[in-house]
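Asker: Structure incoming, see below.
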Amino acid sequence: MEQSSLPARSTSPLPGRPASDTNLADILERVLDKGIVIAGDIQINLLDIELLTVKLRLLIASVDRAREMGINWWESDASLKSLGPTQDAERSRLEQENGELRERLERIERALGVGQESDR
Amino acid sequence: MSSDVDRWAAERAAELRARAEAEAVAVLRDALVAASLGERARGRARESTPAPSPQARAEPGRLLWVYCVTRAAEAELVGVPGVDDAGRVERIEAAGLAALVSSVPRAEFAEGPLRSNLNDLAWLERVARAHETVLEQALSESTAIVPLRLCTLYAGEDGVREMLAGERDAFAAALDHLAGRQEWGVKVTVDPELVTEAARARHQGAKAVEEETAAHGAGGAYMLQRRFDRDVRELAHSLATELAERVHGRLEAEALEAVTRPPQNRDLSGHEGEMVLNAAYLVEADHIDELREVVATLEQEHGALGARIELTGPWPPYNFVPGGGTAGIA
């Protein structure tokens, strides 16, 4: 009784039947990051870089939410460390862009004689 | 009249001959340039045509996708569908080991197309599920398998045999390590509302103090309410973390090895509540019933926070291959 309430995967799927009921996140986090890495004839050591967009889609949303909750189990996982600096770089780029846009807006407002005047 | 023409012709002959020669040279030069450009273009075309594979049994236009490695005597799995519809699963044996492979088209799996396909989530899902399905079937027919990471590709059978022979010691050690053991996944989710409620209940004492001091006027009451909300939020965080730590600690005690992973993205996993633990455990195959019991008990113990503990497996031992992950075999 107790066991049936646990959603365990079938231990012997029928040959050829795709296990489409298995959570895609469960599969991707395994096949993309884990398993033995052997350099075959097709070089995809670019895996880590090229898959970044998918990795970001996989992780960022959930990771940010979890950090909010104070959950940070995976911090020791080396494959994810690279996400930190990437986020930081993105943030500082946005901050810089924001500053530049603000300066441009002020210059335009000054040139047009609006903004400061209308505030008073 | 004619003598005038003759005289004119005689006077201009040298000039006309020179002009005719210049024109002929120009035409010849253009023809030569065109011919040599054509030659170069054909040469380039010849260079960019892929050299025919030296391996005798490599099919033209196809590559071999490797799923996993087992002992040679195991995983008789042959003929089941692979990653590509046109390539059924085959076995390649060498050095007492067997690799499960199937052929895939170069047009889809060579470096260039692979690069863009890997960033297409629908393509990636199809390939990842097919890879996983073959691994699960192999797992159910073997004492142990070593799963290879997605997209391990060879030009032909000889390359796969060389790989097996070259890494035989590492594969043999990994197969010994994993024999009779299973990877199981555990994900714990909580109901954020119930967690917040529990945190608020625990904070009642402070709340009473707060209500007493609320007589300090509207501004004071507002500041106190804000502080109370912040305290409840922090308490809720620590309740969630404590729960995850307790569950992980109990399950780790049942396991030979354990790894923790970041919580999953709801868009892909479709889970409800907040995921506070996403872990995998390597467990003796004859210890799975005990693991199930511990999971059921833990779920009951933490019912107040709406805890749900999902146990999945057995998985191909992705997380527990010695030397797996980023280290790998070169």
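Asker: Mind checking Rg over Rh on the range B:183-320, alpha carbons, Kirkwood formula for Rh?
Answerer: Taking Rg over the Kirkwood Rh, I get 1.14.
Asker: Evaluate peptide B:145-151: per residue, the Cβ atoms of other protein chains within 10 Å of its Cβ; return the mean as an integer.
Answerer: 6
Asker: Place +1 on the Cβ of every Lys and Arg and -1 on the Cβ of every Asp and Glu in the range B:89-181, take the dipole about the Cα centre, and give the residue among B:94, B:140, B:117 whose Cα lies farthest towards its positive end.
Answerer: Farthest towards the positive pole: B:117.
Asker: Would you tell me the accessible area of residue B:70, worked out with a 1.4 angstrom probe on the heavy atoms of the protein chains, in Å² to the nearest 10?
Answerer: We get 0 Å² for residue B:70.
Asker: Still on this structure, I have one more. What total accessible surface area, summed over both chains, is buried at the interface between chains B and A, computed with a 1.4 Å probe and given in Å² to the nearest 100?
Answerer: Working: alone 19830 and 11010 Å², together 24200 Å².
In total, chains B and A hide about 6600 Å² from solvent.
Asker: Please give the per residue accessible area of the range B:183-320, computed with a probe of 1.4 Å over protein heavy atoms only, in Å².
Answerer: That works out to 47 Å² per residue.
Asker: How do B:98-110, B:173-185 rank on mean C-beta neighbours within 10 Å, highest first?
Answerer: B:98-110, B:173-185
Asker: Separate question: Once you average over the residues of B:305-317, how many Cβ atoms of partner chains fall within 10 Å of each Cβ?
Answerer: 3
Asker: Take the solvent-accessible surface of the protein heavy atoms, probe 1.4 Å, and return the percent of it on the range B:183-320 that carbon and sulfur atoms account for.
Answerer: For the range B:183-320, the apolar C and S fraction of the accessible surface comes to 47 percent.
Asker: Give, ordered by residue number, each residue of the range B:152-178 whose 1.4 Å probe accessible area is reduced by a minimum of 40 Å² on adding the remaining protein chains to the chain alone.
Answerer: Residues shielded by partner chains are B:153, B:154.
Asker: Considering every residue in B:126-134, what mean count of other chain Cβ atoms within 10 Å of its Cβ is obtained?
Answerer: Average per residue, whole number: 5.
Asker: With all protein chains present and a 1.4 Å probe, how do A:95, B:136 order by accessible area, largest first?
Answerer: A:95, B:136
The values are calculated or read from the model by the stated rules, or taken from the named source; none is laboratory data. The structure displayed is predicted, hence computed values, not measured ones. Please note: Cβ atoms are built from the backbone with ideal geometry, for glycine as well, and neighbour counts cover all protein chains shown. When the accessible area is computed, the model is the full protein with side chains, heavy atoms only, and any ligands, DNA or RNA have been set aside. Shrake-Rupley method; radii C 1.70, N 1.55, O 1.52, S 1.80 Å.
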